[in-house]
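Participant: Take a look at this one; I'll ask things after.
The values are calculated or read from the model by the stated rules, or taken from the named source; none is laboratory data. Bear in mind the structure is a predicted one, so any value in this text is a computation, not a measurement. Methodologically, a virtual Cβ is constructed for each residue, glycine included, from the backbone with ideal geometry; neighbour enumeration extends over all protein chains shown.
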Amino acid sequence: MFGSPDDGSKTKAALPPAVGGSISGTRVLMGLLLLLIAVASITGVVFALSSGQPTVAFIIGLVAVAFFSRIGC
């Protein structure tokens with residue numbers, strides 16, 4: 001149309017390839033949950049060792065290592 005600000009000569013910019021791909025709310029929430037589990041397992045091991053219960057600390061550590069090895073593989 002004559003006098004229109006959009007004369008059709010401009011091309012629309014395409015979306016960048018990473019839009020909605022690498023950072024999403026779900027991934028951030030899962031990352032925070034894994035961080036919380038890691039901190040809780042380390043705290044549990046330290047507390048069990050300071051309480052004089054190395055067997056309980058070993059079991060907590062073993063379960064935590066099994067959990068994170070399953071997540072990693």
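Participant: I'm told PRO54 meets every condition in (1) at pLDDT 95 or above; (2) surrounded by fewer than 10 Cβ atoms within 10 Å (Cβ to Cβ) except one. Can you identify the failing condition by its number?
Facilitator: Checking PRO54 against (1) at pLDDT 95 or above; (2) surrounded by fewer than 10 Cβ atoms within 10 Å (Cβ to Cβ), the one that fails is (2).
Participant: Let me ask something else about it. What are the residue pairs meeting all of these: first residue in segment 53-71, first residue basic (Lys, Arg), second residue at pLDDT 95 or above and not in a helix (DSSP H, G or I), Cβ atoms under 8 Å, and 6 or more apart or on different chains?
Facilitator: Cβ pairs passing all conditions: none.
Participant: A further question follows. Looking at segment 24-42, which of the residues that are surrounded by fewer than 11 Cβ atoms within 10 Å (Cβ to Cβ) and of a type in the set (S, T, N, Q) is farthest from the chain's Cα centre (by Cα)?
Facilitator: Restricting to residues being surrounded by fewer than 11 Cβ atoms within 10 Å (Cβ to Cβ) and of a type in the set (S, T, N, Q), the top hit is SER24.
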